[in-house]
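*Asks:* Please read through the structure below; I'll follow up with questions.
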Amino acid sequence: MRSTSFEAMWKDLAALGRDPRTGGYRRYAWTPALRACESWFTDEAGRRGLTLEADGNGNAVAWWRPGPLRLEGGVITGSHLDSVPDGGAYDGPLGVVSALAAVDVLCERGVRPSRPLGIAVFIEEEGARFGLSCLGSRLMTGALAADQANLLRDADGTQLPEAVAAMGLEPRFGPSLDLLCDPVAFVELHIEQGRALADVDAPVGLATGIWPHGRWRFTFTGEANHAGTTRMADRRDPMLTYAMTALAANKRARLAETGTGEGSGARATFGRVEVAPNGVNAIAGTVTAWLDARAADETALQSLVDDIMRQAHDRAARDGTTLAVVAESVTPAVAFDERLRARLVRRLGDLPMLPTQAGHDAGILATAGVPAAMLFVRNPTGVSHSPTEYADPADCLAGVHALADALEELLT
Ligand code: HGY
Ligand code: MN
Ligand code: MN
């Protein structure tokens, strides 16, 4: 592959949906910014003679079927183009651009696949707009029912079907795994969202699995009041209960992280908070905060969340506030397909193997029974979900060639 193929695509895509004030991306599902990225993908697929198909959930697949190939039993690769608020350039797009560039490599090699290759782009993987991660792949696999999706609202209160219709599209949610034509494998390339590959000085690695993780909405309710005339002893301030809960969550996760054994470790983050009425000189009436919690196994995750909720309720009782907690999305642990990974190791060699604490569409497809694997590309700083997320161009090209090797192994 001429490196210009990757570099040219990267440069074109990098300009879309970027906020010049922060340098971060705001490619939210069913917005003009993401539609521009989807149009870019359509153009690049067309340039390669790939056949584009879409489901009613907002997911798309571009098929490479050189020659008279059967439709079924293909291999799927790809990732997502949507981002978190002020996300980086690589999380998602690296997998899509690398998949297109890998087709260029296979063509240059003169590879004659015996089965079709689909490049998939899943929508709302980050859940940044409607709060549910991997929304597109969950709808596709039936892990999320259409009537549940129809109730989802974004921060402005726009309901999901309205958002889809506002883009001139017809919301037709529902299981659509047939779009992938009964695939024999799904291989997703993704930037590593940690430093494991940097620490072992390797450009590419293989994923062993995904930690269980989820999102819980905490609603703390107190009594709105005047910030000046209300004595401290008379307050029922939900901001206080929230603040103590955030501290307790951080401490509990840090204690788990210093635990013993391979499987130890946990993460707890309150990254999004909404305060009402949100006035400088007013004691809050309600504070809504989202907990993102993750742990090495499901027992550890349940124990982590239970402990945080117990401490939050205890604190609420002392503060005279009330607390309601709703699990918005919980994703079970994923162990990627060992036979598929072993086959890739035979072709790619002994790449470093690592679990990830980040969720991915590959995890949703694996849970739905599609043999799945993930290739990670080194992230020198480990920073992700931030404009400073970065991968060296040489490592990106190493990722493209590793993906091309993996696909050639599976397609021939
Ligand atoms: O949040 C995650 O785990 C992933 O980046 N969607
Ligand atoms: Mn992400
Ligand atoms: Mn991602």
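*Asks:* Give the long-range amide H neighbours of ASP82: residues separated by 5 or more places, or on another chain, with amide H under 5 Å away, using H modelled in the peptide plane at 1.01 Å from N.
*Replies:* Amide H to amide H, under 5 Å and 5 or more residues apart or across chains, ASP82 pairs with GLU124, GLU125.
*Asks:* Further question on the same structure: Could you size up the charge dipole of the chain around its Cα centre, putting +1 on the beta carbon of Lys and Arg and -1 on that of Asp and Glu, and report it in debye to the nearest 20?
*Replies:* 320
*Asks:* Helix 338-348 sits at what angle to the longest principal axis of the chain, using alpha carbons and giving 0 to 90 degrees rounded to 10?
*Replies:* 50
*Asks:* I would also like to ask the following. What ranking do 98-109, 35-46 get when scored by the average of other Cβ atoms within 10 Å per residue, highest first?
*Replies:* Going by the mean number of other Cβ atoms within 10 Å, highest first, we get 98-109, 35-46.
*Asks:* Ok, one more. Which whole-number percentage describes the relative contact order of region 1-61, with Cα contacts under 8 Å and a sequence gap of 6 or more?
*Replies:* The value is 18 percent.
*Asks:* Over all pairs of distinct alpha carbons, what does the Kirkwood formula give as the hydrodynamic radius of region 266-361, in Å?
*Replies:* About 16.9 Å for region 266-361.
*Asks:* Could the peptides 163-174, 133-144 be put in order, highest first, of the mean number of other beta-carbon atoms found within 10 Å of their residues?
*Replies:* Order by mean packing, descending: 133-144, 163-174.
*Asks:* Can you give the translational diffusion coefficient of the chain in µm²/s, computed by Stokes-Einstein from the Kirkwood radius over Cα pairs at 20 °C and 1.002 mPa s?
*Replies:* Working: Rh = 22.4 Å.
So the translational diffusion coefficient is about 96 µm²/s.
*Asks:* Would you mind telling me which residue in VAL97, VAL111, VAL184 has the biggest mean-square fluctuation in a Gaussian network model of the chain, where springs connect alpha carbons within a distance under 10 angstrom?
*Replies:* VAL111
*Asks:* Within the accessible area of the chain, what % is carbon and sulfur when the probe is 1.4 Å and the other protein chains stay in place?
*Replies:* Values: 9030 of 17250 Å².
In the chain, the share of accessible area belonging to carbon and sulfur is 52 percent.
*Asks:* Right, next: Sketch the reach of a paramagnetic label on VAL383 as a point 7 Å from Cα along Cα-to-Cβ, and name the residues of region 18-34 whose backbone nitrogen lies under 18 Å away.
*Replies:* Under cut-off, by backbone N: 18-26.
*Asks:* Also: What FRET efficiency, computed as 1/(1 + (r/R0)^6) with R0 = 25 Å and r the Cβ-Cβ distance, is obtained for THR258 and THR208, rounded to the nearest 0.05?
*Replies:* E between THR258 and THR208, to the nearest 0.05, is 0.65.
*Asks:* Taking the radius of gyration and the Kirkwood hydrodynamic radius from Cα positions alone, what is the Rg/Rh ratio for region 68-127, to two decimal places?
*Replies:* 1.08
*Asks:* Ranked from highest to lowest mean number of other Cβ atoms within 10 Å per residue, what is the order of the peptides 74-83, 51-60? Could the numbers behind the result be given before it?
*Replies:* Details: 74-83: 27.6, 51-60: 19.9.
Result, highest mean first: 74-83, 51-60.
*Asks:* How many percent of all Cα-Cα pairs in region 80-178 sit more than 16 Å apart?
*Replies:* 65
*Asks:* Something else about it: Where the convex hull is taken over the Cα atoms of region 213-331, what is its projected area averaged over directions, in nm²?
*Replies:* 7.2
*Asks:* Let me ask something else about it. When a/c is below 1.5 the answer is rounded, else prolate if a/b is larger than b/c, else oblate, so apply that to region 138-178 with a ≥ b ≥ c taken from the square roots of the Cα gyration tensor eigenvalues.
*Replies:* Values: a/c = 3.02, a/b = 1.54, b/c = 1.96.
Oblate.
*Asks:* Please list, in order along region 66-79, the HN-Hα scalar couplings obtained from phi with the Karplus expression 6.51 cos²θ - 1.76 cosθ + 1.60 (θ = phi - 60°), rounded to whole Hz, x for Gly and Pro.
*Replies:* Karplus-based 3J(HN,Hα) across region 66-79 equals x, x, x, 9, 5, 7, 7, x, x, 10, 10, 9, x, 6 Hz.
*Asks:* Turning to a different aspect of this structure: Label ASP392 and ASP156 with points 7 Å out from Cα along Cα→Cβ: what is the distance between them in nm?
*Replies:* Going from the ASP392 label point to the ASP156 one covers 4.3 nm.
*Asks:* Let me ask something else about it. Measure nothing but the geometry: give the 0 to 90° angle between the long axis through the Cα atoms of 298-319 and the longest principal axis through the Cα atoms of the chain, rounded to 10°.
*Replies:* In the chain, helix 298-319 runs at an angle near 20 degrees to the longest axis.
*Asks:* Okay, next question. What is the antiparallel percent of DSSP beta bridges lying wholly in the chain, to the nearest 5?
*Replies:* Rounded to the nearest five, the antiparallel share is 70 percent.
*Asks:* Taking Cα atoms, how many degrees apart are the long axis of helix 3-14 and the longest axis of the chain, rounded to 10 and kept between 0 and 90?
*Replies:* 30
*Asks:* Roughly speaking, what is the stretch gain from GLU338 to MET353, that is 0.36 nm per residue apart minus the C-alpha to C-alpha distance, in nm to one decimal?
*Replies:* In short, 4.2 nm is gained.
*Asks:* Let me ask something else. Contour minus end-to-end for ARG109 and ARG195, with contour as 0.36 nm per residue of separation and end-to-end as the Cα-Cα distance?
*Replies:* 27.7 nm
*Asks:* Sticking with this one: Taking the Cα atoms of region 14-169, report the difference between the largest and smallest coordinate on each principal axis, in whole Å and largest first.
*Replies:* Extents along the principal axes: 50, 38, 23 Å.
The values are calculated or read from the model by the stated rules, or taken from the named source; none is laboratory data. None of the values given here were measured: they were computed from a predicted structure. Here Cβ is always computed from backbone atoms with ideal geometry, including for glycine, and neighbour counts include all displayed protein chains. When the accessible area is computed, the model is the full protein with side chains, heavy atoms only, and any ligands, DNA or RNA have been set aside. Shrake-Rupley method; radii C 1.70, N 1.55, O 1.52, S 1.80 Å.
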